[in-house]
Amino acid sequence: MKPMIGVAAVTASLLVGGATLSVGAGQVSDVTQQSASHQKMTTCSNRTIKGAYGIQMQGTRRVPGGTELEQMIGVVTRTFDGAGNFTQIDNAKGSLSGIVFDRPGSGTYVVNPDCTGRTLFQPAPGVSIEERMVIVDYGHEVRSITVSPEQAMISTVGKRVGWR
């Protein structure tokens, strides 16, 4: 038999000035309702991240068109449509390649019920980038790493635009 944790299941009555005061009644169902509510809120889908996100990225990548590795930083505005597609504008600066301003792009994404997912992005013909992501804070934040191409070691943190 498992021990009960807490006093949520205990009900005590106290006679105070001719009135009965009950302590503990209803607490078990409140905890159960909170747990069920939390479970419903943590099931994710493509709709969970619908909207615009401001993303900061940093890491190491291959110099575009070259063989050398460089450090890179960047910022992105990415808008998810809630149906598996996104568009974005990024500004990325490489330690060797310099900065590219306002580069448009688009791609696809899939969100799993456990709030993990992936994106596929093609910044140029023949170039494909795959990210793996985790959605946190009920969809208000997205964190990702680049898994392909293998030479890219880039991580991102994105926050929903306009959310406090």
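The residues listed here are Ser144, Ser106, Ser155, Ser95; of these, the one that is touching a strand residue (DSSP E or B) at 6+ places or on another chain (Cβ under 6 Å) and more than 16 Å from Gly74 (Cβ to Cβ) is Ser106. Of all residues in region 73-103, those being in a strand (DSSP E or B) and under 22 Å from the mean Cα position of the chain (by Cα) number 16. Only one of the listed residues (Arg143, Arg164, Arg160, Arg132) is at pLDDT 95 or above, more than 13 Å from Ile49 (Cα to Cα) and either outside the structural domain of Pro113 (by TED's automatic domain parsing) or not aliphatic (A, V, I, L, M) (or both). That residue is Arg132. Restricting attention to region 81-98, the residues being free of Cβ contacts under 8 Å to residues at least 12 places away in the same chain and in contact with a Phe, Trp or Tyr (Cβ under 7 Å, 6 or more places away or on another chain) number 0. Exactly one residue out of Arg61, Arg118 is touching a Lys or Arg at 6+ places or on another chain (Cβ under 6 Å) and either outside any loop (DSSP other than H, G, I, E, B) or in the same structural domain as Val147 (by TED's automatic domain parsing) (or both): that is Arg118.
Contact annotation: residue pairs with Cβ atoms under 9 Å, 6 or more positions apart or on different chains, pairing a residue in region 147-164 that is in contact (Cβ under 8 Å) with a residue 24 or more places away in the chain with a partner that is in a loop (DSSP other than H, G, I, E, B), are Lys159/His140; Arg160/His140.
The values are calculated or read from the model by the stated rules, or taken from the named source; none is laboratory data. Note that this is a predicted model, so its numbers are computed, not measured. When we count neighbours, we look across all protein chains shown, and the Cβ atoms used for this are built from the backbone with ideal geometry, even at glycine.
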